[in-house]
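The values are calculated or read from the model by the stated rules, or taken from the named source; none is laboratory data. All figures in this text were calculated on a predicted structure; none of them were measured in a lab. Here Cβ is always computed from backbone atoms with ideal geometry, including for glycine, and neighbour counts include all displayed protein chains. We work out accessible area using only protein heavy atoms, side chains counted, and drop any ligands, DNA or RNA first. Shrake-Rupley method; radii C 1.70, N 1.55, O 1.52, S 1.80 Å.
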Amino acid sequence: MRALGTVAPVVRSVFALALLLCARRAPAADVSVAAAADLKFALDTALGDFRKVRPDVDVKVTYGSSGNFFSQLSNGAPFDVFLSADAEYPRKLEEAGLVLEGTRFLYAVGRIVLFVPLASPLEIEKAGIRALVDPRVRHVAIANPRHAPYGRAAEAAMRSLGFYDAVKEKLVLGENVAQTAQFVETGSADAGIIALGLALAPELQKTGRYVELPLSSYPRIEQGGAILKSTKEPDAARALRAFLVGPKGRETLKRFGFFLPDA
Amino acid sequence: MDWQAIGLSARLSLLTSAVLLVIGLPVAYWLTFSKRRWKFLVEAVVALPLVLPPTVLGFYLLLAMGPRSPFGAGWERVTGKLLPFSFEGLLIASILYSMPFASQPFASAFARVDRRLIEASWTMGVSRRRTFLRLIVPLSMPGIVTVLVLSFAHTLGEFGVVLMVGGNRPGITRTVSISIYDDVQALSYASAARTSLFLLAVSFVVLAVTYGLRRSVWAAWPMD
Amino acid sequence: MADGLTVRIRKSFRGGPAFDFALDLPPAGGLVTVLFGPSGAGKTTLLRCVAGLERPDEGLVALGDTAWFDSARGVDLPPQDRRLGFLFQEYALFPHLTVAGNVTYGLARSAVAEREHRLKTLLSLFSLDGLGARFPAQLSGGQRQRVALARALAGQPRLLLLDEPLSALDEPLRIPLREELRENLVSSGVPSLVVTHDRADALALGDRMATVVDGSIRSVGSVRETLGESAGDARCGARPSL
């Protein structure tokens, strides 16, 4: 009888412990991502899908200028993954030995578009970039070509299509492509050249219209990324990377205007 | 060295200080001597740029200056030009941003003037306005000059607001702080360092001269 | 309406004392009336209300038939419009102006020649010749008092108000300056109202006196009557021995 008395509580404890152990998942991994501003809508959606596949990985994204991130990462900023709008930055980081071996990758090719507010009288669908010469266009916004890849592409497109000199005086520079879009959206600038990825965002779809600029007029905007060597969660980071270049990730990126690099 | 940006910044700072003198003195006068019950509301509004993040101020200023807003549209009607991304737009933004840095210290300087002197002036038949010009302003001169010099230096370093409303146009809105920022963004650290050092040296000299004068010239000034 | 100064005012301070004054001054030029009483009695408040530097809650302040303040009719002239002179405690001389600048400060609307002439007259009247270019900081206590008085009289006021004119002075200076002040007030030809809490000052300066206690005027009369002392003795006693 006394044996029964001692067994029961022990069994109860063991049972409880077993339940506890089964109920506990694997500990969550925190992955922090530094991503180019133009990726916002695409990446948010893709991460939603990623979370369903890997609920144990908690991804936190900071959006900003690729150039800024490069400076910060060069000085040891604690991000795990870098998704840059310009593949040049991850390459430089790799040269500096800050990238985890073999994890530098191309995740998308960006495109630029001519973007105007919805109510704009400009017929960009017909005239394309020629619309910028219209005297009603007083300010044209592009991202700063000195440090933003989309700005460099915009300037290159204007030059190669022969409109740069005509538009030069009207140029207004945004600190990054998101601010550039803001200038146009608020009507401060009459037109702007921004990333397709941004133009497809629901908010900008409501407030503006766009037309793509010919791919041949600007050098390919290779958007590259990398996993930082200093990451504390290499496996989780690798999983994220794999997802982004995998079928589901690519599909989402394409939907938002980020075309796939050649396989 | 981006001399164009330096010249632009100098011009912007000088004009901002000059306008702050003209607008700031009457505002400060009202703040010091008005007895209206809702004065505290005006004080709060004037001081707002002190606590507001410059980027927030810049964002709303850009909206307020744009062709879709009544103010921006009105400006366009009168001058035929757009306000956003223009030097005038930048000047307006600078003035609004620096207003509390001028009007508050002005008001303090006025408040330090012995009230009995002011009353004496009144009893001699001198109107309030003339009392302000002939008595209060001269006696507050050291404080006023210090404020002007500091406004100048403060505007030289202005960044957040310029970033939001400037549009970074060379010779028009690309101030020296934006130029330095651009250099850093483009990884031209040497160029950024050169311009920064120059700005640092100028600021230091300006401040040293101001405080040096305070000690010798203004020390002899009556009633500080 | 009497031709002199008429004061009938009431004023109360929130949570503080309340004042109710009734005072008449005859229009005699050069007559010095002293407002005498302890600190806090309200003498300075009364003086400032007459000057327009403070506003009574209700009542009347009039000089002759000019109403300076009349709550019934909504009249409240600012000090600028009251043609009076005010001598502040510690004189309130403008430190950034010379003696000449101080004295002519209120004469800006006169022609230059007129201004210069008036300045010369006042400087010699108050024994300030040659001091026109000095700054207040360079003057002695007595000189400052004379400049303040000259300044107050420059605009030919109809009434002169003095707020504790001698309290800023040390004892040794006080007696001779008191005499001097009395002479100047009398010879100015302008009626004056002097506030003081000092008995000796009251005796030396005043022809008539009103005692102010606890916010109201208790008695008015000649100085000797009001202080209950023989004026002759008091005056003699106040004279410095030569």
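Here are the numbers for the structure shown:
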{"item": "Heavy-atom accessible area, 1.4 Å probe, ligands and nucleic acids excluded: residues of the range C:92-137 down by at least 30 Å² from chain alone", "result": "C:Ala92, C:Phe94, C:Pro95, C:His96, C:Tyr105, C:Gly106"}
{"item": "Estimated dipole of the protein assembly as shown in Debye, rounded to 20 [Cβ of Lys and Arg +1, of Asp and Glu -1, Cα centre]", "result": "800 debye"}
{"item": "Cα gyration tensor, chain C - rounded (a/c under 1.5), prolate or oblate", "result": "oblate"}
{"item": "Relative contact order (%) - criterion: Cα under 8 Å, at least six apart; region: chain B", "result": "31 percent"}
{"item": "Cα gyration tensor category, rounded, prolate or oblate, for the range C:1-71 with a/c compared to 1.5", "result": "oblate"}
{"item": "Assigned charges on the beta-carbon of Lys, Arg, Asp, Glu; chain B dipole about Cα centre (debye)", "result": "900 debye"}
{"item": "Charge dipole of the protein assembly as shown about the Cα centre (unit charges at C-beta), most positive-ward option of B:Ala93, B:Ala192, A:Pro121", "result": "A:Pro121"}
{"item": "Size of the A/B contact, given as accessible area buried on both chains, probe 1.4 Å, in Å²", "result": "2100 Å²"}
{"item": "Sulfur and carbon atoms: percent of accessible area, the protein assembly as shown [1.4 Å]", "result": "59 percent"}
{"item": "Loop GluC sites (Glu not before Pro), the range C:180-231, which have at most 16 other Cβ atoms in a 10 Å radius of their Cβ (DSSP)", "result": "C:Glu229"}
{"item": "Rel. contact order, % - alpha carbon contacts under 8 angstrom, at least six apart, the range A:92-208", "result": "35 percent"}
{"item": "Residues along the range B:114-128 losing 30 Å² or more of accessible surface when the other protein chains are present rather than the chain by itself (probe 1.4 Å)", "result": "B:Arg116, B:Leu117, B:Glu119, B:Ala120, B:Trp122, B:Thr123, B:Met124, B:Gly125"}
{"item": "For the range C:150-202 and the range C:92-133, distance of Cα centres in Å", "result": "19 Å"}
{"item": "Within the range C:107-231, percent of DSSP bridges classed antiparallel, to nearest 5", "result": "60 percent"}
{"item": "C/B buried area, accessible surface, summed, 1.4 Å probe, Å²", "result": "1800 Å²"}
{"item": "Global form of the range C:26-131, assessed from the alpha-carbon gyration tensor, a/c cut-off 1.5", "result": "prolate"}
{"item": "Drop in accessible area of at least 20 Å² in the complex versus isolated chain, residues of the range B:52-78, 1.4 Å probe", "result": "B:Phe59, B:Leu62, B:Leu63, B:Pro67, B:Arg68, B:Glu76"}
{"item": "Solvent-accessible area per residue, Å², over chain B with all protein chains present [probe radius 1.4 Å]", "result": "47 Å²"}
{"item": "Cα centre as origin, Lys/Arg/Asp/Glu Cβ charges: the range B:43-132 dipole, Debye", "result": "280 debye"}
{"item": "The range B:31-79-the range A:131-186 distance, computed between alpha-carbon centres (Å)", "result": "29 Å"}
{"item": "Inter-centroid distance (Cα atoms) of the range B:100-158 relative to the range A:47-85, Å", "result": "53 Å"}
{"item": "Contact order relative to length of chain C, as percent, for alpha carbon pairs under 8 angstrom and 6 or more apart", "result": "28 percent"}
{"item": "Dipole-positive endmost among A:Ala201, A:Pro219, A:Ala242 within the range A:173-249 (Cβ charges, Cα centre)", "result": "A:Ala242"}
{"item": "Span-like helix ranges in chain B, DSSP H, alpha carbon extent 20 angstrom or more, Kyte mean at least 1.6", "result": "B:141-156"}
{"item": "Of the DSSP H helices in chain A, those whose Cα atoms cover at least 18 Å axially and whose Kyte score averages 1.0 or more", "result": "A:2-23"}
{"item": "Which of A:Gln179, B:Gly74, C:Ile9, positive extreme of dipole for the protein assembly as shown (C-beta unit charges)", "result": "A:Gln179"}
{"item": "Beta bridge orientation in the protein assembly as shown: antiparallel %, DSSP, nearest 5", "result": "55 percent"}
{"item": "For the protein assembly as shown, calculated [θ]222 nm from helices alone, where every DSSP H run of n ≥ 4 adds -39500 (n - 2.57)", "result": "-15000 deg cm²/dmol"}
